[in-house]
Each structure stands twice: as C-alpha cells, then as structure tokens.
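Okay, structure first, notes after.
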Amino acid sequence: MDTIRDWFISLAGRYYDAFITEQRYQYYLEGLLITLEISLIAIIIGALIGILVAIIRVSVVNIKGLRWIGIICGCYVNVIRGTPIMLQLLIIYNLIFTSRNTNEIVVAAVCFGINSGAYVAEIVRAGIESVDKGQAEAGRSLGLNANQAMFYIIMPQAIKNILPALGNEFIVLIKETSVASIIAVTDLTKAAQYIGSRTWDVLPPFIISALFYLVIVLGLTKLLGIFERRMRQGDNS
Amino acid sequence: MITVKNLKKQFGNHLVLDDIDETIEQGEKVVIIGPSGSGKSTFLRCLNLLEIPTAGEIWFEGNNITAPKTDINQLRQKMGMVFQQFNLFPHLTVRQNITLAPVKLGLMNKEAANRKAAELLERIGLREKADAYPRQLSGGQKQRIAIVRALAMNPDVMLFDEPTSALDPEMVGEVLELMKELAESGMTMVVVTHEMGFAREVATRVLFIEEGKIKEQNEPKAFFDTPKHPRLKEFLSKVL
C-alpha cells in the first residue's frame, strides 16, 4: 500500500516540478503562443499559395504558351512533398536567412507556409477536378469567361468538397511546427526540452506539452465539425 | 444566322464530324436526330465552341466565331444552351442561378435581373421556387429552370442538347411543352433529341446525322413519311 502511495507522491512531485516550480508553466504558455503564431501564419500562407498554385495548374493545361508555368508549379509541389520538412527548414534557415538578426519565428512560419502550400495545392486541385465538367460548361455557355466560371461556379463547390481534407492538413501542420525547435524557435516543444534540461527529468514536460498539442487539435477538430455542418445547412435552407 | 462551312471534328484518330456544311436561318427550328455516337451532340457543341472544331468555319450573325481573335464569351451570350444533365449550379438558389450571368456580365443590375427572373419563373409557373435550391426540385422543374436561365440572357438562338433524355417519362411533357411555347414565340432553335413527336410537331426542318455526316434533311412531314436514305429508313423503323 505504502509503495503505491509513495509512487503517486513522487509522480505528482515530478509533474509539479515540471509545471509549477519556478513558474515553469509560463514557458509552456509562451511556447504555446509561438506555436500558434507560427501555425496561423503558415496556414494563411499555405492556403494562399495552395489555392493559387491549384488554379494555375488546372487553368494552364489547355493554354499552349503558358504550360511552363504549370511545369514550375508541378516542380514546386513535387520537391516540397518529396523532401523532409526538417531539411526544408534547415535549408531555408541556413541558405536564405543567414544574417545574425533573423527572426526565427518568421522564418519558421514562412517555411511551414511554403511546405503546407504544396499539400493544399493538391487538395484544392482534387477539389476543383471533383466538380462536374458540366458546371463549367454551363457557366461558359452563359458567356462567363474562364476566370468568372472558376470564381463564381467551380470554387464555391470545390471548397465545400475539400473542407474535411483541408482541416486535416491544418491539423497536421500544427503538429509539424514542433520541428521548428531545431532552428532555435522556442515553441511548445522547445519549451518542454528546456524545462527537461533544468529538472533533469525529461518525461513529464514532454507529456505536458503533448497534452497541449492534443487540446489544440481536438479544439480545432470540433471547430471544423461545426463549420462543416454550417455549410451543409446552407444547402438545405 | 448560323453558317457552318466544312466543319470537321476529330477526337484523336476518331473522326466525329466529317465535313459538314449547314446554314440555319433566323426563326428556324432545326431538330437533329441520329443514332447515339453519330456526332449530333458534338455538332451542337461546336456551334458555341464548347468543342473546338478541328477544321472548318462557323459564322454566327456575321462573325466568324472560329477565328482566333473572336471574343467567344461575347457571342455565347447570344447563344443559350440547355444540357442533358441540366447543369444548374447546386450551391445557388434558383433566382441566383438565373441572375448570376446577367449581373456578373454587367448586362443588368441586380434589381432588374431579379425582376426578370421573377417574370420568367412566373411564365413557367415556378415563381414560388425562386429561393429553393436545385436539389429540392424535380428533374422537370430543373430543366425548365435551366431553359429559363438561358433565356435570361435574351439569346438570339437556343441550343438544346438532348434536353429530355435524363428525365423520368412523366416529366418529359412539361419540358417539351415549354420548348413548344418557345418555338411559337419565334425563337431560333437547334434541338438534338430522340423525341420524334416533338420533331414532327415543332420542327421546321429535321436533320439526320450519322457517322459524322448529314445524311438526309427535309421538312418534318416528308422526312418522316417518305425517308429516302436507307439508313434513315432503318433508323426510323426502329424508333417510331
């Protein structure tokens, strides 16, 4: 009986040290803030790049003079999807942002945005191609040009189709930002490492920050569920 | 109004339209019949360049629409098209379906377009459906709204690509009725269909297309009563 009690007390003590002692929760919260900051900027950059690249790729297929733009976009998608995010981060950090006063958070956010853009581009492209060809034809037959048909007819339907996949990509992105700690960004993961190095007990802080990620992701999942239901309700009214 | 010269269309090695010459005058109601795969739908879709011809010229209201410099979007505004699968926009209400193109193309302001939509819906007895979404409508209602959507652009000619083929039998009548009214109002129409009754009753001219060629054409009575080409005789004996 006593051994079990002692075990619980020591476990509680370890977590107390990892979270409360010396107000260490501040490190997690600061790290959380940075993780969210990087994720948010990256999601916005990724969505913009992704939608743009997807539209370019489906539009230039039939235009002879502009095919090279499509090829460039294809290369971008293949290179980004074909290499590890950690190396992309190191390459961008060391190759481009070599000056001393670089803001690591911005570098990380831009890098994750560029990375996410490639995945979003493929998701959006699949969404655009999932809309029946007759929709574009109906729009064009009314005299709309290709851009108007894309903007008013194809995209609204495509977005609705890809929302679950897009939400999934954002969730993956948030978790992937944990890699940013290798370029000295003090995000949630880095905060855990730092506290572990202070307490000489690495497991509790890792588990605590894992819980933080879990809460963010579950919250986002819930939010996306509500959003999807809203969009479907629009159909029924 | 529409003149087709030496029109050819090839998909890969497959020649779908083989050197077609045809003229459609204002006010004509031309019905095109033929076995499936004969090229009749492709011919219709070439008229507003949904299919790009491999060779040949198409003239519409004095413009060569196959010339590279032609603004096809401008000309398509004057050529309404109705599809087999309706192709209503599912994310928009009936009213928005009808007003989207006129408003976005700057032909009407929103109020005028809404008034026009209400007027057109009144004409087909579906005014109360203005705020409904396409998925809440029956097939016949969808197709009639698709016709009205094309009419909202005030087209000079209406192209129909098998407008009743995807409908349940009991809904075919209401769509044909609307097309008949349209014909009586003087609209120029080109209709690809399998509805021989409609062809006989409404057409001013019937074309028989087979293997990418117009094998025979005539006014409907002579066309159906005294067909000359052996393939047409065989075709009619099967469908009538």
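The values are calculated or read from the model by the stated rules, or taken from the named source; none is laboratory data. These numbers were taken from a predicted model, which means no experiment stands behind them. Glycine also receives a Cβ, built like all others from the backbone with ideal geometry; neighbour counts cover every protein chain displayed. These area figures cover heavy atoms from the full protein model, side chains too; ligands, DNA and RNA do not enter into them. Shrake-Rupley method; radii C 1.70, N 1.55, O 1.52, S 1.80 Å.
Of note, A:Ala118 satisfies the criterion of being away from chain B (no Cβ under 14 Å), hydrophobic (A, V, I, L, M, F, W, C) and surrounded by 15 or more Cβ atoms within 10 Å (Cβ to Cβ). Of all residues in the range B:47-71, those satisfying the criterion of being within 16 Å of B:Asp19 (Cα to Cα) and among the acidic types (Asp, Glu) are B:Glu51, B:Glu57.
Any chance the range B:63-83 includes a residue that's closer than 27 Å to B:Lys180 by Cβ, more than 10 Å from chain A (Cβ to nearest Cβ) and over 14 Å from the mean Cα position of the chain (by Cα)? There is no residue in the range B:63-83 that is closer than 27 Å to B:Lys180 by Cβ, more than 10 Å from chain A (Cβ to nearest Cβ) and over 14 Å from the mean Cα position of the chain (by Cα). Looking only at the range B:87-96, residues that are open to solvent by less than 20 Å² (accessible area, probe 1.4 Å) and more than 9 Å from chain A (Cβ to nearest Cβ) come to 2 in all.
Out of A:Ile105, A:Ile154, A:Ile114, which single residue is more than 24 Å from A:Lys175 (Cβ to Cβ) and either in contact (Cβ under 8 Å) with a residue 24 or more places away in the chain or assigned by TED's automatic domain parsing to the domain that holds A:Val77 (or both)? Exactly one residue qualifies, and that residue is A:Ile154. Within the range A:124-150, residues that are away from chain B (no Cβ under 12 Å) reach partners that are among the polar types (S, T, N, Q) and open to solvent by 60 Å² or more (accessible area, probe 1.4 Å) with beta carbons closer than 8 Å, at six or more positions or on different chains, in the pairs A:Gly127/A:Asn161; A:Ser130/A:Asn161.
Table: residues versus (1) surrounded by 14 or more Cβ atoms within 10 Å (Cβ to Cβ); (2) not β-branched (Val, Ile, Thr).
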| position | (1), (2) |
| --- | --- |
| B:Asn154 | no, yes |
| B:Thr164 | yes, no |
| B:Val175 | yes, no |
| B:Met179 | yes, yes |
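Listed by position, the helices (runs of 4 or more DSSP H) contained in the range B:166-240 that have at least 2 residues being in contact with an Asp or Glu (Cβ under 6 Å, 6 or more places away or on another chain) are B:230-239.
Okay, residues lined up against (1) more than 12 Å from chain A (Cβ to nearest Cβ); (2) in contact with a strand residue (DSSP E or B) (Cβ under 8 Å, 6 or more places away or on another chain); (3) within 21 Å of B:Thr99 (Cβ to Cβ):
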site: B:Glu128; (1), (2), (3): yes, no, yes
site: B:Ser138; (1), (2), (3): yes, no, no
site: B:Arg144; (1), (2), (3): yes, no, yes
site: B:Arg149; (1), (2), (3): no, no, yes
site: B:Met153; (1), (2), (3): no, yes, yes
site: B:Glu170; (1), (2), (3): yes, no, no
site: B:Gly173; (1), (2), (3): yes, no, no
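Within the range A:74-83, does at least one residue satisfy the condition of being open to solvent by less than 50 Å² (accessible area, probe 1.4 Å), over 13 Å from A:Glu122 (Cα atoms) and assigned to a helix (DSSP H, G or I)? No: the range A:74-83 contains no residue that is open to solvent by less than 50 Å² (accessible area, probe 1.4 Å), over 13 Å from A:Glu122 (Cα atoms) and assigned to a helix (DSSP H, G or I).
Taking the range B:128-140 as the range and being within 26 Å of B:Gln84 (Cβ to Cβ) and outside any loop (DSSP other than H, G, I, E, B) as the test, the residues that pass are B:Lys129, B:Pro134, B:Arg135, B:Gln136, B:Gly139, B:Gly140. Would you confirm whether any residue within the range A:51-65 is open to solvent by less than 20 Å² (accessible area, probe 1.4 Å) and β-branched (Val, Ile, Thr)? Within the range A:51-65 (the criterion being open to solvent by less than 20 Å² (accessible area, probe 1.4 Å) and β-branched (Val, Ile, Thr)), the answer is yes, since at least one residue qualifies.
For the range B:61-86, the candidate set comprises residues that are touching a residue at least 60 places away in the same chain (Cβ under 8 Å) and either of a type in the set (A, V, I, L, M) or over 19 Å from A:Asn145 (Cα atoms) (or both); within that set, the residue that is most open to solvent (accessible area, probe 1.4 Å) is B:Gln85. Among the residues of the range B:37-47, is any of a type in the set (Phe, Trp, Tyr), open to solvent by 10 Å² or more (accessible area, probe 1.4 Å) and within 12 Å of the chain's Cα centre (by Cα)? Looking for residues that are of a type in the set (Phe, Trp, Tyr), open to solvent by 10 Å² or more (accessible area, probe 1.4 Å) and within 12 Å of the chain's Cα centre (by Cα), one finds none in the range B:37-47, hence no. Scan the range A:177-222 for residues that are of a type in the set (Gly, Ala, Ser) and farther than 28 Å from A:Leu87 by Cβ and the total you get is 1. The listed residues are B:Met158, B:Met108, and the only one of them that is without any contact (Cβ under 8 Å) to a residue 12 or more places away in the chain and not in a helix (DSSP H, G or I) turns out to be B:Met108.
Scanning the range B:18-55 for residues that are in contact (Cβ under 8 Å) with a residue 60 or more places away in the chain, under 23 Å from B:Ala150 (Cβ atoms) and part of a strand (DSSP E or B) yields B:Glu22, B:Ile24, B:Lys29, B:Val30, B:Val31, B:Ile32, B:Ile33.
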